[in-house]
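The values are calculated or read from the model by the stated rules, or taken from the named source; none is laboratory data. Small disclaimer: the values here were computed from a predicted structure and weren't measured. All Cβ positions, even for glycine, are placed from backbone atoms using ideal geometry, and neighbour counts span all protein chains on display.
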Amino acid sequence: MKAIVFDRDGTLIEFVNFLFKEKEVVINKDIVKTLKFLNNINSVKYFIHTNQSGVCRGMFGMEDVNKCNKKIQKILHEEYQLDFCFERIFVAPTFESIYRKPTNNVTLEIKKDFNIAEKNILYIGDTIADYQTALLSKTDCIIYRGYAAKPIKEDLIIEKRLVVYDSLQLMYKVQEFINESND
């Protein structure tokens, strides 16, 4: 069994600063091919991990976060005919949350609750916090820097082999991970 943890904003969906309106949820077109490839693979569990500090800042509530998360599922099912679901969505609504990136708590829970070792977990994100989360978690990592990624001002100091810029590179890296024998 393997697991893939997707960052939400800028990876699974197009980045919108402090997203809380369902109508602004747009699936990242670069990830669709990869999701279609993964759709019929039963030996992989899927998760979302997202920092949502807009909650503790009073900009929106957890109900807004949950509505956006449900909208993602709805779009994937209705517009892209994808049948897989996310086993769990890990949300960090505060700066003190145990799920606040960077953290290894998500991986620890996946390991405990689903009996999946770190070497069988892939973390896909778009920022340095996602990269640091993968490092802390001792998991494989892909950093997506395509059109939907969060704009960043600083250079990412990340191994070039971990960074992808489009749908084909992303698909190739995910296929590599799926095809590796880690058991």
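Look at residue 108 and say whether it is out of contact with any Cys (no Cβ under 6 Å at 6 or more places or on another chain), modelled with pLDDT of 95 or more and within 23 Å of residue 167 (Cβ to Cβ).
On the way: out of contact with any Cys (no Cβ under 6 Å at 6 or more places or on another chain): yes; modelled with pLDDT of 95 or more: yes; within 23 Å of residue 167 (Cβ to Cβ): no.
When the stated conditions are applied, residue 108 does not pass them.
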> residue 95 fails exactly one of the following numbered conditions: (1) at pLDDT 95 or above; (2) in contact with a helix residue (DSSP H, G or I) (Cβ under 7 Å, 6 or more places away or on another chain); (3) over 21 Å from residue 39 (Cα atoms). What is the number of that condition?
Replying inline: (2)
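Take the stretch 97-131 and flag every residue that is part of a helix (DSSP H, G or I) and either at positive phi or hydrophobic (A, V, I, L, M, F, W, C) (or both).
Pass one, the stretch 97-131, residues part of a helix (DSSP H, G or I): 105-114, 118-120, 128-131.
If the condition is that a residue be part of a helix (DSSP H, G or I) and either at positive phi or hydrophobic (A, V, I, L, M, F, W, C) (or both), then 106, 108, 110, 114, 128, 129 are the ones that fit.
What number of residues in the stretch 111-135 are in contact (Cβ under 8 Å) with a residue 60 or more places away in the chain and of a type in the set (A, V, I, L, M)? Even if it seems obvious, please write down each step before you answer.
Step one: filter the stretch 111-135 for residues in contact (Cβ under 8 Å) with a residue 60 or more places away in the chain, giving 114-117, 119-127, 129-130, 133.
From what is left, the residues that are of a type in the set (A, V, I, L, M) are 116-117, 121-122, 124, 129.
The qualifying residues number 6.
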> What residue, among those in the stretch 140-161 that are among the hydrophobic types (A, V, I, L, M, F, W, C) and at pLDDT 90 or above, is nearest to residue 31 (Cα to Cα)?
Replying inline: 148
> On the given criteria, is residue 104 surrounded by fewer than 20 Cβ atoms within 10 Å (Cβ to Cβ), within 30 Å of residue 181 (Cβ to Cβ) and among the polar types (S, T, N, Q)?
Replying inline: yes
> Does the stretch 66-83 include one or more residues that are out of contact with any His (no Cβ under 6 Å at 6 or more places or on another chain), of a type in the set (Lys, Arg), closer than 19 Å to residue 173 by Cα and surrounded by 18 or more Cβ atoms within 10 Å (Cβ to Cβ)?
Replying inline: no
> Of (1) over 18 Å from the mean Cα position of the chain (by Cα); (2) in contact (Cβ under 8 Å) with a residue 12 or more places away in the chain; (3) over 25 Å from residue 109 (Cα atoms), residue 58 satisfies all except one. Which?
Replying inline: (2)
>> Of everything in the stretch 133-183, what is in a loop (DSSP other than H, G, I, E, B), under 17 Å from the mean Cα position of the chain (by Cα) and not hydroxyl-bearing (Ser, Thr, Tyr)? Give them in sequence order.
In response: 138, 145, 146, 148, 149, 150, 151, 166
> Inside the stretch 136-162, can you point out the residues that are hydrophobic (A, V, I, L, M, F, W, C) and touching a residue at least 60 places away in the same chain (Cβ under 8 Å)?
Replying inline: 148, 149
>> If a residue must be surrounded by 13 or more Cβ atoms within 10 Å (Cβ to Cβ), closer than 15 Å to residue 41 by Cβ, without any contact (Cβ under 8 Å) to a residue 12 or more places away in the chain and not charged (D, E, K, R), how many such residues does the stretch 164-183 contain?
In response: 0
